[in-house]
Amino acid sequence: MIYTSAIGRGLLFSNIYEKGPIMKTAVLGYSGAGKSTLAKQLAVHAGSPVLYLDTVQWLPGWQERNVKEGVALVQNFLDTHDSWVIDGNYQKYCFARRLEEADEILLLLLPRLFCFVSAWRRFLKSPHMSRESMTEGCPEKFDLEFIRWLLWEGRARKQRCVFLEIAKQYPNKTRIFYSRRAVNAYLQSKGIQI
């Protein structure tokens with residue numbers, strides 16, 4: 001394990017860049033840490049499709065998708081792509097398979113305050129609009145329910161233990177990032193402009 005300190009709409013973002021090397025990357029971490037941004041940057045760089053699991057989880061109007069339907073969508077994505085970037089933590093959507101098949105697992109465990117400020121800025125940038133990595137019809141929100149998730153529930157001890165267990169189980173392909181600077185250094189090491 002390597003510790004580092006210091007898309008169009010819909011289910012799939014495809015880009016116009018020439019396809020790069022076959023690489024499968026799972027991007028996980030706390031809400032507001034920049035998972036979707038990192039996933040898009042990696043996908044564009046590699047010429048790989050990206051799947052934002054928020055687009056699987058949510059239907060328009062913030063309605064939850066049926067789990068069986070969501071699993072089928074993710075299975076189909078995994079079955080039909082030999083290179084991919086998947087953004088999201090949802091354990092109900094082929095979690096073990098995603099981790100097993102990934103060539104690289106990136107864990108964004110950035111500080112609580114950083115994630116809060118990032119989510120607030122994201123909301124201010126396009127209030128009440130759906131972001132690129134979210135289902136159309138699910139506008140950006142910054143309400144008490146989301147703040148509670150962002151600051152406490154999404155960072156519960158159980159979730160942190162899941163992340164640390166992933167790092168233990170897959171030490172040779174897991175990178176843990178504790179700062180934005182570390183994420184940027186990683187991108188630069190891959191030749192990706194930030």
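The values are calculated or read from the model by the stated rules, or taken from the named source; none is laboratory data. Given the structure is predicted, the values throughout are model-derived calculations rather than measurements. We place every Cβ from the backbone using ideal geometry, glycine too, and count neighbours over all the protein chains shown. Each accessible area value is taken on the protein alone, full model and side chains, heavy atoms only, with ligands, DNA and RNA left out. Shrake-Rupley method; radii C 1.70, N 1.55, O 1.52, S 1.80 Å.
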For W84, the residues 5 or more places away or on another chain with a placed amide H closer than 5 Å to its own amide H are M23, K24, T25
Taking Rh as the Kirkwood radius computed over alpha-carbon pairs of segment 135-185 and applying Stokes-Einstein at 20 °C with viscosity 1.002 mPa s, one gets a diffusion coefficient in µm² s⁻¹ of 158
Here the percent of antiparallel bridges among DSSP beta bridges lying wholly in the chain, to the nearest 5, is 15
Per the Cα gyration tensor, segment 113-154 corresponds to an equivalent ellipsoid with semi-axes, largest first in Å, of 18, 12, 9
Dimensionless Rg/Rh of segment 43-90, both radii on Cα and Rh by Kirkwood, sits at 1.00
To the nearest Å², the heavy-atom accessible area per residue of the chain with 1.4 Å probe amounts to 52
Of 171-182, 121-132, 39-50, 102-113, ordering from highest average Cβ density within 10 Å down gives 39-50, 102-113, 171-182, 121-132
Over the Cα atoms of segment 58-125 the radius of gyration and the largest Cα-Cα distance (Dmax), both in Å, equal 14.9, 38
Unit-weight point scatterers at every alpha-carbon of segment 61-175, Debye formula, q = 0.10, 0.20, 0.21 1/Å: log10 I(q)/I(0) is -0.37, -1.36, -1.40
For the chain, the accessible surface attributable to carbon and sulfur atoms (probe 1.4 angstrom, ligands and nucleic acids excluded) amounts in percent to 56
Quick tally, 1.4 Å probe accessible area for M134, M23, sorted with the most first, runs M23, M134
Surpassing 25 Å at the alpha-carbon level, of the pairs K35/K92; K92/K168; K125/K190; K92/K173, are K125/K190
Per the Cα gyration tensor, the chain corresponds to an equivalent ellipsoid with semi-axes, largest first in Å, of 22, 21, 18
